[in-house]
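The values are calculated or read from the model by the stated rules, or taken from the named source; none is laboratory data. Quick caveat, the model's predicted, so the values are computed rather than measured. Every residue, glycine among them, receives a Cβ derived from its backbone with ideal geometry; neighbour counts consider all protein chains shown.
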């Protein structure tokens with residue numbers, strides 16, 4: 001594997017470097033989500049060396065997109081849930097708004113994994129394990145982790161680490177290549193492969209990692225407090241993580257949490273700093289409990305999930321009744337009991353359930369009971385109530401497509417794309433709609449933008465070439481395609497200078 005990536009002169013080509021560094025970020029052990037300090041911290045030190053400027057912000061984004069493409073296509077634990085991602089994004093936006101210099105388009109995604117963990121990728125991508133959401137008893141505990149991760153990105157820890165690799169680039173990257181063979185979902189084995197091949201290089205890397213973790217703890221606390229969350233929740237969650245780490249000797253959890261245990265020193269430091277901050281009593285949102293219920297309802301066998309929620313409701317073992325009934329409704333749908341789900345949904349609404357996730361669940365219940373027209377009408381109403389909710393737009397567009405109302409779907413998606421031009425899913429839905437309408441140029445143009453956002457420039461260029469020969473575009477549309485094609489070719493050539501222009 002390493003031989004295929006390292007060139008004959010002993011150096012890594014740019015593409016190989018990007019791929020391996022990306023994998024390094026996924027495989028690197030990170031107890032409590034590679035925390036990140038907000039940019040309220042002191043200016044970054046000049047670490048020196050030619051590698052200190054190895055990754056520009058643009059390259060970081062492309063590298064992150066490359067990793068995300070691999071995760072989406074190859075990782076079976078990747079959760080395609082726009083509602084959970086939107087909730088995490090809203091929390092992330094609240095935190096990043098108080099971070100000086102946070103100029104990233106953060107994107108959050110979920111990994112179905114029971115371990116308490118999260119991780120940051122270059123360019124603003126943040127992964128969150130379902131085990132982390134389940135373990136967080138309060139919204140402030142979850143905010144402690146997300147603020148920590150956002151800081152890794154805003155402080156550009158990735159580039160700062162690369163800047164220290166001058167004397168160990170080859171063994172470091174070769175070890176990453178070996179780790180890749182073991183697979184992204186076995187980071188415990190991958191970490192062992194790296195340790196076996198790197199020796200002193202691993203020790204140096206681990207040292208900087210500890211420095212960044214301490215910085216992330218400090219700045220994360222500042223971001224939490226400024227965003228209105230309770231900063232004391234960080235120490236509480238650290239203690240919870242420490243207890244969880246002690247239970248991992250049975251091998252049921254990935255080994256990478258053992259590599260970076262939460263120390264008593266970190267807990268004490270978080271406690272001391274938070275005690276000097278203003279006390280903030282944060283009221284947890286209903287969405288927080290609904291997200292927890294949704295993830296729990298979609299875990300394990302459907303019948304067992306139904307029994308868990310039925311027992312919790314019967315014994316009143318819940319923090320929020322509406323959220324518990326949301327979980328039961330979701331579990332009943334998974335168990336293919338749509339009529340029971342419809343009855344439970346009404347009880348959830350009576351218990352105070354409301355919001356975008358409640359509206360979309362109602363549409364799913366109607367659809368499961370064969371009422372497609374009712375589901376479409378419910379989504380239209382939800383769209384008018386919550387015009388900023390992209391998950392509603394996704395579901396509404398798909399319902400319109402299924403109903404054959406592609407002109408209405410096209411109009412809906414054109415408006416949404418203008419508001420959110422960097423939303424890959426919107427471009428994908430738009431391409432499907434244009435295909436149904438027979439608008440080939442627009443179909444390939446939308447598909448090209450989808451590939452751009454997924455980090456695949458060659459595929460995007462190919463789609464634009466197809467758009468040019470579609471035969472149904474006017475002069476203005478063809479001019480736009482040509483201009484975009486020129487830009488993407490230039491970008492691809494800049495990132496791959498040894499390749500000939502196509």
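Take the conditions assigned to a helix (DSSP H, G or I) and either at pLDDT 95 or above or touching a helix residue (DSSP H, G or I) at 6+ places or on another chain (Cβ under 9 Å) (or both) and apply them to residue 354. Does it pass?
no
Taking region 245-264 as the region of interest, how many residues are in contact with a helix residue (DSSP H, G or I) (Cβ under 9 Å, 6 or more places away or on another chain), at pLDDT 65 or above and either part of a helix (DSSP H, G or I) or outside the structural domain of residue 212 (by TED's automatic domain parsing) (or both)?
So the answer is 2.
Inside region 122-144, can you point out the residues that are free of Cβ contacts under 8 Å to residues at least 60 places away in the same chain and part of a helix (DSSP H, G or I)?
Once the filter is applied, which keeps residues that are free of Cβ contacts under 8 Å to residues at least 60 places away in the same chain and part of a helix (DSSP H, G or I), region 122-144 yields only 131.
Which of the residues belonging to region 92-108 are within 22 Å of residue 323 (Cβ to Cβ) and either assigned to a strand (DSSP E or B) or within 9 Å of the chain's Cα centre (by Cα) (or both)?
108
Within region 368-381, which residues are in contact (Cβ under 8 Å) with a residue 24 or more places away in the chain, under 18 Å from residue 404 (Cα atoms) and touching a helix residue (DSSP H, G or I) at 6+ places or on another chain (Cβ under 7 Å)?
375, 376
Residues are listed down the side, and each one gets a yes or a no for (1) farther than 16 Å from residue 143 by Cβ; (2) buried (at least 20 other Cβ atoms within 10 Å of the Cβ); (3) at pLDDT 80 or above:
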| residue | (1), (2), (3) |
| --- | --- |
| 36 | no, yes, no |
| 46 | yes, no, no |
| 72 | yes, no, yes |
| 83 | yes, yes, yes |
| 88 | no, yes, yes |
| 96 | no, yes, yes |
| 108 | no, yes, yes |
| 119 | yes, yes, yes |
| 127 | yes, yes, yes |
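Give region 312-326 a look and list any residue that's out of contact with any helix residue (DSSP H, G or I) (no Cβ under 6 Å at 6 or more places or on another chain) and farther than 18 Å from residue 138 by Cα, or say none.
Matches in region 312-326: 314, 315, 316.
Report every pair of residues separated by at least 6 positions or lying on different chains whose Cβ atoms are under 6 Å apart, first residue within region 101-121 and touching a residue at least 60 places away in the same chain (Cβ under 8 Å) and on the phi > 0 side of the Ramachandran plot, second buried (at least 22 other Cβ atoms within 10 Å of the Cβ) and not in a strand (DSSP E or B).
101/39
Out of curiosity, is residue 240 modelled with pLDDT of 90 or more and either part of a helix (DSSP H, G or I) or not assigned by TED's automatic domain parsing to the domain that holds residue 118 (or both)?
When the stated conditions are applied, residue 240 does not pass them.
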